[in-house]
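Here's the structure, in structure tokens; my notes come after.
The values are calculated or read from the model by the stated rules, or taken from the named source; none is laboratory data. Since the model is a prediction, treat every value here as computed from it, not as a measurement. Here the Cβ positions follow ideal geometry from the backbone for every residue, glycine too, while neighbour counts run over all protein chains shown. Just so you know, the surface numbers come from the protein's heavy atoms only, side chains and all, with ligands and any DNA or RNA stripped out. Shrake-Rupley method; radii C 1.70, N 1.55, O 1.52, S 1.80 Å.
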Amino acid sequence: MGYTIESLPLQTLLPAIGRAEDQLARLDEQVRRSPVGEGFVERRHFFDAAASMWVGGELVHVEDLVLHDERMDVRAPTHELTIAHRILRARRRIAGAKPGWAVSDAGIGALTGYEEQEHEAAEGEGSAFVDTAADLHLLEGDDPLAQELANVDALLEQSQRLIDRVSDRKAGGRSALVVGDLVVRDTDWDEVDRLTQWKRVLADVADLPPTVAAALIWEAWESLEPMQRQHWLGGQFVSAYLRARGKVASHLFGFNVGLKAVQRERRRSPNRLTRILAFLDAMSASAESGMKEIARLAQAREQMSRRLNGRRSSSGLPTTIDLVLSRPIVSAPMIAKAARVTQRGALNLIGELGVREVTGRGRYRAWGIL
């Protein structure tokens with residue numbers, strides 16, 4: 001199974017290429033210059049993670065994702081919500097790294113997990129157990145709770161690897177189906193070979209315009225399906241590729257937000273040209289929605305900033321404004337944690353700003369800029 005880049009009908013693609021190139025450039029400039037650029041970038045991570053699940057056929061509410069990210073779930077997190085949070089963390093990891101890291105061999109290996117597997121193989125196949133403290137990558141951060149939770153997740157992953165290794169030895173090399181993350185793996189699915197073929201496509205499109213190249217690497221990812229359980233990585237690689245090429249250098253583009261706006265019949269069309277046109281239109285749609293959101297956030301920021309006149313320097317309103325601009329929704333505990341006030345004080349702060357309430361329920365209240 002392979003993927004080849006055939007001759008493209010430029011006469012048909014040029015209008016869509018021009019729109020995508022223009023819209024992406026305008027979005028990049030607006031994010032770079034806008035005073036709400038940082039808030040827009042953080043909000044985009046949440047919306048793109050939820051849109052990625054939607055494109056994959058799963059529904060995750062942005063509100064639940066925000067609360068799960070803050071460790072303030074109102075209910076037990078579902079399996080889909082956990083995957084969406086993995087996408088969110090992957091986006092933050094890509095955005096925090098150098099522009100070209102995610103689409104380099106090291107970045108692809110780290111995001112797909114094969115870099116870690118190669119490291120384990122280099123240590124020697126004869127050892128049945130490894131030192132947990134040496135293998136875990138403990139996070140260093142200002143939030144002790146987040147650090148402890150990350151360490152627990154790393155420990156669970158290490159334990160699962162040890163169990164899988166012992167199970168493989170007991171199986172005596174026999175082919176077996178392994179159930180993990182509620183998905184049955186296909187033992188004949190050669191992820192390494194498929195990923196190698198996709199990397200070859202990534203190198204072949206280096207001389208093409210960024211938008212066309214991004215559409216082709218997404219088309220190749222959809223066709224080859226390198227990862228069984230991490231298919232959502234393809235959209236993040238496309239966004240990272242546009243950032244690496246300098247087309248959207250200000251932030252990590254939300255490609256899945258645009259894919260969600262494109263009809264499924266076009267995205268899954270049997271005609272290859274129709275699919276490529278759909279992917280180009282998805283970039284334009286995501287950029288257009290991003291510019292509208294920036295305008296909406298800028299207007300909201302201007303209105304809320306008027307409430308700061310005559311306030312003391314120790315007021316929690318500036319922190320609350322920044323939080324509201326950087327999250328799709330906020331709750332009283334989130335404001336209390338950010339502004340370091342009580343929940344009663346958080347309600348007073350949100351009341352002074354006049355932000356619209358989005359839940360309408362007395363038991364659980366949340367506010368946001370819609």
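Determine, from the Cβ-Cβ distance of Arg272 and Asp105 and an R0 of 25 Å, the FRET efficiency 1/(1 + (r/R0)^6), rounded to the nearest 0.05.
So, using R0 = 25 Å, E works out to roughly 0.35.
Distance check, please: which entries in Lys98/Lys199; Lys260/Lys337; Lys260/Lys292 exceed 26 angstrom between their Cα atoms?
Beyond 26 Å between Cα atoms: Lys260/Lys337.
Please give me, ordered by residue number, the trypsin sites (Lys or Arg not before Pro) of region 34-107 that lie in loop per DSSP and have at most 13 other Cβ atoms within 10 Å.
Arg71, Arg75
Along the three principal axes, how long is region 202-275 when you take its alpha carbons, biggest first, rounded to the nearest angstrom?
32, 24, 24
Calculate what fraction, in whole %, of the accessible area of region 313-370 sits on carbon and sulfur atoms when a 1.4 Å probe is rolled over the protein chains.
47 percent
For region 1-103, I need the span (max minus min coordinate) of the C-alpha atoms along each principal axis, in Å, sorted largest to smallest.
52, 45, 25
Classify region 12-66: rounded, prolate or oblate, from the alpha-carbon gyration tensor (a ≥ b ≥ c, eigenvalue square roots; a/c under 1.5 rounded; otherwise prolate if a/b is larger than b/c)?
Judged from the Cα gyration tensor, region 12-66 comes out oblate (a/c at least 1.5, b/c at or above a/b).
Shape call for region 222-370 from the C-alpha gyration tensor, a ≥ b ≥ c root eigenvalues: rounded (a/c under 1.5), prolate (a/b greater than b/c) or oblate?
Cα axes put region 222-370 in the prolate bin.
Using a 1.4 angstrom probe on the protein heavy atoms only, could you order Ser313, Ser269 from most to least accessible area?
Output order, biggest surface exposure first: Ser313, Ser269.
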